[in-house]
Amino acid sequence: MNPEFCRAAHQTLGPVEVVVMEDSGRIVGVVPLHRANGWRGLLRGYTQVAQEVSDGFCFPVEDAYLGRVAHALARAGVWSVFFTHVGTGRTIRHCESGAVTKTYLVRHQPGDQDLWSALKERSRRFWSDTERCARRLNELPGAYQFHWQSPNPARDLDTLIRLKLDQYARTGKEGAALYQADHQAFLKALVSGQSDGFSAPLSVLYCGDVLIAAHLGLLGGGRLHYWFPVYEPGHAKYSPGKVLLAEIMKRSEQLGIQVIDFGEGHADYKETAASETHELAKVVMAWGARGAASMLPLRWEWRFSG
């Protein structure tokens, strides 16, 4: 949870409040939070920052203090917190788990030249099909051009959002967070701001002057979160989204990418490209009677949605 991510969320989605844990003047934990909407917020319930669009969350707390997080939050006036993704193998006191999901990632291994070359040995059919699509794209007028960072980010981000909303409409996700203007502004704030060790690269694939695939991700600490990929449906037979992913993987070494985290949700390219899967759980953390009370709306939501 990089400060730049939190700063962009603070500017566009509402105040980000940060709970800092100290022990004898030494900082041992930092938990950035957003006030929850509705009854949970009124009952001093919080969520991870940008919960509706963020596909993962971590709060840096030293292992020896993990069991004290809920108590520290309560002392700060935070009665409960909802996190969408917490590793199921990580035991934290005063946590109640909800639905479990699976996340996919591919990791650079010692001796690998880049992530794409390594994939050839692990998933030869996916690799060869994508290379064939790239050759077919290159036979079109203007061939294709890949840019790790878009040469025109404002225009291309607008195109990505439009294509993504069209995709949501086709697949029945009309209520997705990206329909909201403040979440679109949040993405724009991320693209326009970056710092040492953190960026929100907007990678694009053009065929001539037409954007045929794009991806907005988050890169920090050697991990690329594969966040908002999209392609132009008129070029679907060339699999431009897979070609774009291949171009990123080919440059993983020079870009300092050690891990690509595809996030949750099934997709063929995730299953094929991933070298690891992990189980994550939706978790609510609370302490004391007031925490239990503020958890009730979320407990009801989980019960009736299941």
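The values are calculated or read from the model by the stated rules, or taken from the named source; none is laboratory data. On a predicted model such as this, the values are computed, not experimentally measured, just so you know. Note that each Cβ is placed from the backbone with ideal geometry, even for glycine, and that neighbours are counted across all protein chains shown. Each accessible area value is taken on the protein alone, full model and side chains, heavy atoms only, with ligands, DNA and RNA left out. Shrake-Rupley method; radii C 1.70, N 1.55, O 1.52, S 1.80 Å.
Among the residues of region 122-155 satisfying the criterion of being part of a helix (DSSP H, G or I) and among the polar types (S, T, N, Q), which is most open to solvent (accessible area, probe 1.4 Å)?
Among them, the one singled out is Asn138.
Among (1) more than 19 Å from Leu13 (Cβ to Cβ); (2) surrounded by 17 or more Cβ atoms within 10 Å (Cβ to Cβ), which single condition is Val81 missing?
The number of the failed condition is (1).
Look at region 92-121 and say how many of its residues are within 23 Å of the chain's Cα centre (by Cα), within 18 Å of Gly29 (Cβ to Cβ) and open to solvent by 30 Å² or more (accessible area, probe 1.4 Å).
Of the residues in region 92-121, 1 are within 23 Å of the chain's Cα centre (by Cα), within 18 Å of Gly29 (Cβ to Cβ) and open to solvent by 30 Å² or more (accessible area, probe 1.4 Å).
Quick one: count up the residues across region 20-59 that are in a strand (DSSP E or B), open to solvent by less than 20 Å² (accessible area, probe 1.4 Å) and hydrophobic (A, V, I, L, M, F, W, C).
4
Could you check region 260-274 and list, in sequence order, the residues that are open to solvent by less than 10 Å² (accessible area, probe 1.4 Å) and either acidic (Asp, Glu) or under 18 Å from Ser54 (Cα atoms) (or both)?
Listed by number, the residues that qualify are Ile260, Phe262, Gly263.
For the list (1) under 21 Å from the mean Cα position of the chain (by Cα); (2) without any contact (Cβ under 8 Å) to a residue 12 or more places away in the chain, I need the number of the one condition that Val81 fails.
If we test Val81 against (1) under 21 Å from the mean Cα position of the chain (by Cα); (2) without any contact (Cβ under 8 Å) to a residue 12 or more places away in the chain, just (2) comes out false.
Filter region 275-306 down to residues that are open to solvent by 90 Å² or more (accessible area, probe 1.4 Å) and touching a residue at least 12 places away in the same chain (Cβ under 8 Å), then give me how many there are.
Of the residues in that region, 4 qualify.
State all residues of region 252-306 that are in contact with a Ser or Thr (Cβ under 7 Å, 6 or more places away or on another chain), under 28 Å from Leu42 (Cα atoms) and part of a helix (DSSP H, G or I); if no residue qualifies, say none.
Gly291, Ser294, Met295
Please enumerate the residues belonging to region 1-19 that are part of a loop (DSSP other than H, G, I, E, B) and open to solvent by 60 Å² or more (accessible area, probe 1.4 Å).
The answer is Met1, Pro15.
Among the candidates Gly256, Gly221, Gly234, single out the residue that is within 23 Å of Thr84 (Cβ to Cβ), open to solvent by 30 Å² or more (accessible area, probe 1.4 Å) and of a type in the set (Gly, Ala, Ser).
Checking each option against the conditions leaves just Gly221.
Among the residues of region 164-187, count how many are in a helix (DSSP H, G or I) and more than 25 Å from Ser252 (Cβ to Cβ).
15
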